[in-house]
Amino acid sequence: MDHSKAPVLEALAAYHAEGQTPFTPPGHKQGRGADPRVRAVLGDSVFRSDVLATSGLDDRTSSHGVVQQAQELMADAVGADHAFFSTCGSSLSVKAAMLSVAGPHEKLIVGRDAHKALVSGLVLAGIRPVWVDPQWDAERHLAHPPSVEAFRAALAEHPDARGVLVTTPTPYGTCSDLAGIARMCHERGVPLVVDEAWGAHLPFHPDLPAWAMDAGADVCVTSVHKMGSGLEQSSVFHLQGDLVRSEVLQSREDLLGTTSPSVLLYAALDGWRRQMVQHGRGLYDETLGLARRTRERIAAIDGLHVHDREDFCGPDAAFDLDPLQIIIDITALGTTGYQLADWLRAHHAINLHLADHRRISAQLTHADDERSVGLLLRALYDMVGHAPRLRPAPRVEVPDPAELCLEQVLLPRDAYFGRVEQVPWDKAVGRITAEMLTPYPPGIPAALPGQRLNAAVVRYLRTGVEAGMVVPDAADPEVDSIRVAIED
């Protein structure tokens with residue numbers, strides 16, 4: 001295919017060149033109706049390019065197939081059979097992918113390190129999750145993706161499961177053995193769905209971890225806004241093989257997605273695909289070199305330890321590691337990642353990817369260079385010098401692995417939509433939670449609807465909030481109280 005073309009961008013340029021006059025949404029009419037104060041911040045180009053996909057970018061019947069052409073080019077670029085654009089983020093895409101595999105009350109094998117968006121899908125669909133526990137690093141208090149053997153055991157115990165869903169890479173950059181999991185799934189005739197929200201860049205350089213389509217996955221969801229050049233909320237479904245039908249996946253997306261997709265997001269997706277096909281290898285040659293040098297320079301700062309493959313990868317740990325996620329252990333500084341992240345923003349205008357009780361992380365992409373990295377390094381040096389003022393650190397009581405494995409008593413949907421009450425946190429122990437309780441980022445629920453709370457997880461959340469953890473999806477974000485099911 002001709003990857004010099006960008007059908008959405010070209011159609012948008014033609015729309016402007018033809019001087020078309022809309023009597024359709026959006027109501028701002030090419031920005032003419034937008035408040036000048038808004039245009040001063042957002043820019044006129046945003047409004048000029050905010051047009052309808054049909055009766056705008058294309059005609060009433062989409063006879064030019066503008067979006068379809070762009071999706072076919074995307075699929076070709078990454079070696080998939082089909083690609084579908086989504087403008088509601090991978091939070092929607094992963095739900096649609098799940099629903100294309102399993103339905104109400106059917107089983108789906110799911111890694112417990114799943115994002116909250118997947119749990120929302122379980123609530124909406126009434127799917128019965130069979131949880132597979134991550135591999136726990138007891139020394140570093142960090143979970144790595146579940147092993148092939150763990151997924152194999154789950155499928156053997158639940159042969160009626162309709163498929164397997166894996167999250168890789170994790171927000172910490174750790175990756176599953178996707179090829180091994182795909183082989184295991186296909187031996188049993190079930191599809192593998194991959195939430196690869198953090199992996200949109202993986203197809204474009206051989207030194208990056210394996211891309212889901214290359215590894216044999218059936219459906220893969222990527223967030224192009226996370227590691228690519230897409231605008232926020234831009235996501236792509238990728239599909240191959242015949243275990244999941246393309247019309248079913250497209251129908252599920254149509255069920256959940258918007259009828260007013262953003263051409264701005266489509267255009268950025270289209271342009272990013274062209275950029276990666278034409279220049280991705282060279283861009284990531286430079287980025288990987290920059291990441292290697294940055295890791296070495298941060299590791300030389302007293303009190304900071306940069307996690308690498310030796311720390312994270314091995315027989316009982318992760319299969320691979322994305323080197324662009326720079327995970328920094330700050331335990332030696334005697335404070336928390338929460339406090340250091342807040343300090344860096346307040347004093348150096350540096351926004352980090354994530355922070356937890358003993359780590360901070362910086363995400364590099366092809367957009368970074370020596371200037372941006374230099375700002376980070378100067379800020380980290382200054383942070384270390386000021387760390388004594390941030391002591392003593394509030395202690396986060398992280399549970400043992402066994403205590404993190406809560407019993408799934410009810411379907412997530414039944415607990416979420418059932419009769420509930422709000423009780424003080426210390427009265428919630430032993431009760432069934434009716435809400436998600438998610439430290440964010442990275443967005444992996446510590447407890448989810450239908451699970452019976454234990455004292456260890458409740459204390460973890462309470463001490464976490466006291467130390468600076470954010471739990472935004474709870475009815476009470478301070479976790480002074482918790483929403484629980486009323487049991488008969």
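What pairs can you find where one residue is in the stretch 190-207 and closer than 21 Å to G230 by Cβ and assigned by TED's automatic domain parsing to the domain that holds V244, the other is among the aromatic types (F, W, Y) and part of a loop (DSSP other than H, G, I, E, B), and their Cβ atoms are less than 6 Å apart, with a gap of 6+ or different chains? Qualifying pairs under 6 Å: L202/W211; P203/W211.
Residue by residue, here is whether (1) in contact with a strand residue (DSSP E or B) (Cβ under 9 Å, 6 or more places away or on another chain); (2) closer than 17 Å to D113 by Cβ; (3) surrounded by 24 or more Cβ atoms within 10 Å (Cβ to Cβ) holds:
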| site | (1), (2), (3) |
| --- | --- |
| L155 | yes, no, no |
| H158 | yes, no, no |
| C175 | yes, yes, yes |
| H186 | yes, no, no |
| A197 | yes, yes, yes |
| L202 | yes, no, yes |
| V224 | yes, no, yes |
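Condition check ((1) assigned to a helix (DSSP H, G or I); (2) within 19 Å of D50 (Cα to Cα); (3) in contact (Cβ under 8 Å) with a residue 24 or more places away in the chain) across all residues:
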site	(1), (2), (3)
H225	yes, yes, yes
G241	no, no, yes
L255	yes, no, yes
Y284	yes, no, yes
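When we screen A53, A80, A75, A34 for residues that are in contact (Cβ under 8 Å) with a residue 12 or more places away in the chain, in contact with a helix residue (DSSP H, G or I) (Cβ under 7 Å, 6 or more places away or on another chain) and closer than 30 Å to D214 by Cβ, the only hit is A80. Scanning the stretch 1-46 for residues that are surrounded by 11 or more Cβ atoms within 10 Å (Cβ to Cβ), among the β-branched types (V, I, T) and assigned to a loop (DSSP other than H, G, I, E, B) returns a single hit, T24.
Given the structure, is S120 out of contact with any helix residue (DSSP H, G or I) (no Cβ under 6 Å at 6 or more places or on another chain) and not charged (D, E, K, R)?
Working: out of contact with any helix residue (DSSP H, G or I) (no Cβ under 6 Å at 6 or more places or on another chain): yes; not charged (D, E, K, R): yes.
In short, yes.
Being among the acidic types (D, E) and not assigned by TED's automatic domain parsing to the domain that holds L243 holds for only one residue in D58, D81, D76, and it is D58. Scanning the stretch 47-61 for residues that are hydroxyl-bearing (S, T, Y) and at negative phi, which turns out surrounded by the fewest Cβ atoms within 10 Å (Cβ to Cβ)? Only one residue tops the list, namely T61. Among all residues of the stretch 62-79, there is none that is outside any helix (DSSP H, G or I), small (G, A, S) and crowded, with 19+ Cβ neighbours inside 10 Å.
Among the residues making up the stretch 5-57, those that are acidic (D, E) and more than 21 Å from M74 (Cα to Cα) are E18, D35, D44, D50. For the criterion of being without any contact (Cβ under 8 Å) to a residue 24 or more places away in the chain and in the same structural domain as A161 (by TED's automatic domain parsing), P129 fails. Scanning the stretch 115-137 for residues that are of a type in the set (A, V, I, L, M), in contact with a strand residue (DSSP E or B) (Cβ under 6 Å, 6 or more places away or on another chain) and either more than 19 Å from A402 (Cβ to Cβ) or outside any strand (DSSP E or B) (or both) yields L122, I127. Of the candidates G126, G89, the single residue that is within 21 Å of the chain's Cα centre (by Cα) and at positive phi is G89.
Consider V221 carefully, then state whether it is out of contact with any His (no Cβ under 8 Å at 6 or more places or on another chain) and not assigned by TED's automatic domain parsing to the domain that holds E286. It is false that V221 is out of contact with any His (no Cβ under 8 Å at 6 or more places or on another chain) and not assigned by TED's automatic domain parsing to the domain that holds E286.
One line per residue, one yes/no per condition, for (1) small (G, A, S); (2) under 19 Å from A447 (Cα atoms):
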{"residue": "T87", "(1), (2)": "no, no"}
{"residue": "H115", "(1), (2)": "no, yes"}
{"residue": "S120", "(1), (2)": "yes, yes"}
{"residue": "A150", "(1), (2)": "yes, no"}
{"residue": "H158", "(1), (2)": "no, no"}
{"residue": "L165", "(1), (2)": "no, yes"}
{"residue": "Y172", "(1), (2)": "no, no"}
{"residue": "C175", "(1), (2)": "no, no"}
{"residue": "A179", "(1), (2)": "yes, no"}
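Of everything listed in (1) in a helix (DSSP H, G or I); (2) within 25 Å of the chain's Cα centre (by Cα), the single unmet condition for P477 is (1). Scanning the stretch 337-368 for residues being β-branched (V, I, T) and closer than 17 Å to H305 by Cα gives a total of 1. Applying the set (1) surrounded by 21 or more Cβ atoms within 10 Å (Cβ to Cβ); (2) part of a loop (DSSP other than H, G, I, E, B) to G103 leaves exactly one unmet item: (1).
The values are calculated or read from the model by the stated rules, or taken from the named source; none is laboratory data. Fair warning: this is a prediction, and the values are worked out from it, not measured in the lab. Because the Cβ atoms are built from the backbone with ideal geometry, glycine has one as well, and the counts that use them run over all protein chains shown.
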